[in-house]
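Worksheet for the structure shown next.
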C-alpha cells in the first residue's frame, strides 16, 4: 500500500516542478476525477485524514468529497503529485535493478523527477477536470457496471442455441418411418408327436 507519510514519497503541494502548479488562490468550485493508475492501494493524508483509492479506481475530488469543506483543487494537486512521485521513483528503482551489473549506474528516470515535461504524461492519466454539470466518476462507474451486467446477461441468452431443424430429406425419412406398418412375425405351427396307431391310420389314408 502506498502511503504519503513516513517518508515513503516526497512531500508535494503546489510546487513549481509540475504543470499542475497553481499561482494564487485555489478555485473552490473546481471538480476533478482522480484515478489511481497503479496496481496498489494509494493513500494520501489531509490534516491526518486518510484518503484511500483502490487500484485503477476513480474518485471525485471537490469541495464536497472526499473530505467536505476541503478544496478539491488543492487535493488534486497534492494527491496527483504524490502519486506521480511514487510511480517515477519506482520506475527509477526498477531501471537501476535491471542494470545492477553496471557499477555506479544511476537511472535517468530518477533525475527527471523534477522535470514538468517528464511528469505530465502521468498527470494526464491520473487527473481530469470535470465540468460543473458532469456526472461524478462514482455514478459513471455504476452506470458502466450496470450496462456491462445487462449486456452480459443478454449475450448469455443469445448464446443458448435452439435445437436444429431437420432438413427436408431428414423430415421425409422420419415421416416414412412413422407411416410404416409394423412387421407381422409369423409363429411356426404347433406340432405334436403321433402315436403308433395314429401313424398307421395316416399311412392307410394316404394309400387310399
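The values are calculated or read from the model by the stated rules, or taken from the named source; none is laboratory data. Bear in mind the structure is a predicted one, so any value in this text is a computation, not a measurement. Every residue, glycine as well, gets a Cβ built from its backbone with ideal geometry; the counts of neighbours run over all protein chains shown.
Data for the structure
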quantity: Condition broken by residue 87, with the remaining ones in (1) more than 23 Å from residue 141 (Cβ to Cβ); (2) modelled with pLDDT of 95 or more satisfied; calculated: (1)
quantity: Residue check, residue 51 more than 16 Å from residue 128 (Cβ to Cβ) and buried (at least 18 other Cβ atoms within 10 Å of the Cβ); calculated: yes
quantity: Residue match in region 178-189 (condition: modelled with pLDDT of 65 or more and not in a strand (DSSP E or B)); calculated: no
quantity: Of the criteria (1) touching a residue at least 12 places away in the same chain (Cβ under 8 Å); (2) under 21 Å from residue 121 (Cα atoms), which one residue 90 fails; calculated: (1)
quantity: Any chance residue 61 is touching a strand residue (DSSP E or B) at 6+ places or on another chain (Cβ under 7 Å) and over 19 Å from residue 139 (Cα atoms); calculated: no
quantity: Given (1) at pLDDT below 90; (2) closer than 26 Å to residue 58 by Cβ; (3) surrounded by 12 or more Cβ atoms within 10 Å (Cβ to Cβ), index of the condition residue 130 fails; calculated: (1)
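Conditions (1) under 15 Å from residue 20 (Cβ atoms); (2) touching a helix residue (DSSP H, G or I) at 6+ places or on another chain (Cβ under 8 Å), marked per residue:
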{"position": "42", "(1), (2)": "no, yes"}
{"position": "46", "(1), (2)": "no, yes"}
{"position": "88", "(1), (2)": "yes, yes"}
{"position": "91", "(1), (2)": "no, yes"}
{"position": "109", "(1), (2)": "no, yes"}
{"position": "120", "(1), (2)": "yes, no"}
